[in-house]
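First the structure, in the form of structure tokens, and then the observations on it.
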There are 2 protein chains.
Amino acid sequence: MAGKANGRKARNGRNGAGEITMSDIARHAGVSPMTVSRALSDPPSVSDKMRRKVDAAVRQFGYLPNRIAGSLSSKRSNVIGLVVPSIRNSLYAAMIHAISDVARANGLHLMIVNAGHGLEEEEALVSALLAQRVCGLVLHNTAHSKRLRELLARTDIPVVETGNLPGKPIDMAVSYSNFDAARAMTGHLGRLGYKRIGFVTLPLRDNDRSRERRRGYFAALKELGLPADPGLVLEAPGGFAEGADALVRLVQTHPDIDACFFAGDVLAVGALFECQRRGWAVPGRIAIASFDDLDLLRHTVPTVTTLRIPRQDIGRRSAELLVNRLRGASPQKVRIDVGFEIVQREST
Amino acid sequence: MAGKANGRKARNGRNGAGEITMSDIARHAGVSPMTVSRALSDPPSVSDKMRRKVDAAVRQFGYLPNRIAGSLSSKRSNVIGLVVPSIRNSLYAAMIHAISDVARANGLHLMIVNAGHGLEEEEALVSALLAQRVCGLVLHNTAHSKRLRELLARTDIPVVETGNLPGKPIDMAVSYSNFDAARAMTGHLGRLGYKRIGFVTLPLRDNDRSRERRRGYFAALKELGLPADPGLVLEAPGGFAEGADALVRLVQTHPDIDACFFAGDVLAVGALFECQRRGWAVPGRIAIASFDDLDLLRHTVPTVTTLRIPRQDIGRRSAELLVNRLRGASPQKVRIDVGFEIVQREST
DNA sequence: GCCCGTTCTGGTATCGCTACCAACCTATAG
DNA sequence: CTATAGGTTGGTAGCGATACCAGAACGGGC
């Protein structure tokens, strides 16, 4: 008799195996579940007495609110999705770190995926992140498949692109201009007096950043009045050995080369080490310039001239833009150019 | 009249602002929501005809299932939590990358947090991950606060510790022995004939890995019959400049030092560069050994003797253990020693 | 002491999906 | 032609939280 009547309410009672719920806490604190919810998510809205009761029960049971349920109910998740070409690359690591810090300070979590370097892959991964209902996205890539652009256009979550300054940002962009940076460094080398400037680029396929850098290189040569020799441009996957190899090939095919600009820092360091091995003076025999201010470049012998890209700032500001939007800032297209800086060191 | 009757069902109808739901897809495909659910999560359980109808509707609307709702309902999330001391460090990056690959292949996502190096911080972060109801955890740290151990003991999700081989794993462990590794390298240096072997350690506070390495160093000295001189041991935060500085200080205070073992690769490289700057022959004036086989160490001049720790394997196997458990493998304490390898190169 | 505006608190109805069970087919055997 | 098994399909009832509104408690002014 009572059995049946209790049956309905029993589901709020302790259920042998299930997790501790807000109702459990509420019951033990002698308040309603709503009060528990408020006490945890917006303490000032609850009286001291109630809050104390709730806090005590929460501590007693080691209660951890179920954010999945919370997200479903409130239609707000507290997870930011992040798509980078490679978690392994320390450049991205600096950016991820900065994003992570801002996110944490705002109670957000990070879901990070490796895009590899394919457009379809990126599309699939972003879809998966959207299915997880991330509340914001940071994409390093700025070249996207048509379907991905459509997909993102339909969602109303904030999106920041960070790898390049795109002509048409999907939503917001925080970056520097790869074109300007490569142009500036090439120009810098020209102004230092170098006449035969080689260029080693990272893979160009599906990568607008690499392509922009190469474009910048050629633009600068033109401005310097130097001939554009396609033989002075080499494409190489990023790696120490590949940088060394590229340098050697350039020197062999173009013995008159007097400087080389590497579009990736690891390539440049690999080349520098090769020079050390061969006893080539840097910059005596050949000058070496790099892209991205790896800490390492400040400590090699000689130290290496490079472009300082404020990767951390990019991460921090991207995250801040997301946070602001999540806090209700009106969705306006933002396009922040964080700029770059040429760091002249011993190698040029 | 019909108005009222429809009122009840209307909530399944298109609702102006809300997201596209499974019911919407079901209605347009002319099947029940359950069939849509099954068609998406377990295709073989649904007839071809039904599946085709569902797939068509899904594509037509660009439907992305709401995994938050799915997770709540099924009490299973598809997110793995990962706690590392620093996302920025490339060692962890290699491990993260491997975990990420395995996770992706199994439809899992990664939530990564920076623990910094404090025990309380780790506790708070893990709590947050548990609140997100991650389905598994990878912790790099093996020193935990008492409360964290209790917290993890109460949950029934699989946990893998990876930074060291702990005496009492919380659940599973995949690692190498920091003690054995440091002992082996120190022994190796002794067997090469070095008599005054310095040791530069990373910060020891709250870090059992560093402490184990130092313990290994002293154990080896004892085995070699060499005196343990506390003055030959220095503690330094990881960094190129710090490595250089430590080396210089050791050489100044102990001019008879003939080898130095750095418990962090960046420290070792910083020291090597300092030698290049000062024109000290390596290993002529002083031999340098490192911990962890950064790619860089294979390319410097001279190349650097180091310990190869299979970071990627650690990541891969950790993830695989988690996946197996999520697939239903019985929870047995696993403790995998992935070992290490001494890589003898030019610097010693 | 009474009225009304504030502040707090609690009940109810979802959020979008999946687990579970019941109902329904179709096919094969008896 | 019916009975039974096997494979599909659909209805119902939550998962654990929050939004929204209504009601209760409180406090001050006349």
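Please treat every number below as a calculation from the coordinates, not as lab data. Keep in mind the model is a prediction, meaning the values are calculated, not measured. With ideal geometry, Cβ positions are generated from the backbone for all residues, glycine too; neighbour counts draw on all protein chains shown.
Couple of notes before you dig in:
- Global geometry of the protein assembly as shown, whether rounded, prolate or oblate, following the gyration tensor of its Cα atoms and the 1.5 cut on a/c: oblate
- Axis of helix A:208-224 versus longest Cα principal axis of chain A: the two differ by about 30°, to the nearest ten degrees.
- Measuring between alpha carbons in the structure, the pairs from A:LYS168/A:LYS333; B:LYS168/B:LYS333; A:LYS195/A:LYS222; A:LYS75/B:LYS53; A:LYS75/A:LYS333 lying more than 18 angstrom apart are A:LYS75/B:LYS53; A:LYS75/A:LYS333.
- Phi-based couplings in Hz for the range A:40-53 (Karplus 6.51, -1.76, 1.60; Gly and Pro marked x): 8, 9, 8, x, x, 7, 10, 5, 3, 4, 4, 4, 4, 4
- Beta bridges per DSSP with both ends in chain A, % antiparallel, nearest 5: 10 percent
- 5 angstrom amide H check on B:VAL338, placed H, neighbours 5+ away: B:SER175, B:TYR176
- Take B:ALA124, push a point 7 Å out from Cα through the beta-carbon direction, and compare it with the same point in every other copy: 3.8 nm, smallest first.
- Karplus (6.51, -1.76, 1.60) ³J(HN,Hα), θ = phi - 60°, over the range B:83-88, in Hz, Gly and Pro reported as x: 10, 10, x, 7, 4, 6
- Label point 7 Å beyond Cα along the C-beta direction, distances from B:GLY193 to other copies (nm, shortest first): 4.7
- Chain B - percent relative contact order, Cα under 8 Å, separation 6 or more: 15 percent
- One Cα centroid belongs to the range B:271-302, the other to the range A:36-50; the line between them spans 59 Å.
- Between amide H atoms placed 1.01 Å from N, distances below 5 Å from A:VAL343 occur with A:THR306, A:LEU307, A:ARG308, all of them 5 or more places distant or on a separate chain.
- Burial ordering of A:LEU321, B:LEU72, fewest other beta-carbon atoms within 10 Å first: B:LEU72, A:LEU321
- Label spacing, shortest first and in nm, from A:VAL248 to its equivalents in the remaining copies (7 angstrom along Cα→Cβ): 3.5
- The range B:290-348: C-alpha gyration tensor shape, a/c 1.5 cut-off, then a/b vs b/c: prolate
- Computed from backbone phi with θ = phi - 60° and the Karplus coefficients 6.51, -1.76 and 1.60, the 3J(HN,Hα) list for the range B:281-298 is 6, 10, x, x, 6, 8, 8, 10, 10, 10, 10, 5, 8, 4, 3, 3, 5, 7 Hz; x is used for glycine and proline.
- Hydrodynamic analysis of the range B:208-319 uses the Kirkwood radius over alpha carbon pairs. Inserted into Stokes-Einstein at 4 °C and 1.567 mPa s, it gives a translational diffusion coefficient of 88 µm²/s.
- Other protein chain Cβ atoms within 10 Å, averaged over every residue that makes up B:67-74: 6
- GNM top mover of A:ASP55, A:ASP295, A:ASP256 - chain A, alpha-carbon springs below 10 Å: A:ASP55
- Within straight-line reach of A:LYS146, meaning a Cα separation under 17 Å, sit the following aspartates and glutamates at least 8 residues removed in sequence or on another chain: A:GLU120, A:GLU121, A:GLU122, A:GLU123, A:GLU161, A:ASP171, A:ASP206, A:ASP208.
- At q = 0.20, 0.27, 0.29 Å⁻¹, base-10 log of I(q)/I(0) for the range A:78-145 (Debye sum, equal scatterers on each alpha carbon): -0.77, -1.24, -1.33
- Global geometry of chain A, whether rounded, prolate or oblate, following the gyration tensor of its Cα atoms and the 1.5 cut on a/c: prolate
- Among B:GLN276, B:GLN60, B:GLN332: highest mean-square fluctuation, GNM of chain B, C-alpha pairs under 10 Å: B:GLN60
- Cβ crowding within 10 Å averaged over residues, with B:47-53, A:19-25 ranked highest first: A:19-25, B:47-53
- Where trypsin sites (Lys or Arg not before Pro) fall in DSSP loop in the range B:147-210, at most 12 other Cβ within 10 Å: B:ARG205
- Taking a Cβ cut-off of under 15 Å around B:ARG38, the surrounding Lys, Arg, Asp and Glu residues balance to a net charge of +1, with basic ones at +1 and acidic ones at -1.
- Listed residues B:VAL58, B:VAL233, B:VAL160, most fluctuating in chain B (Gaussian network, C-alpha, under 10 Å): B:VAL58
- Among beta bridges that DSSP assigns inside the protein assembly as shown, antiparallel share in %, nearest 5: 10 percent
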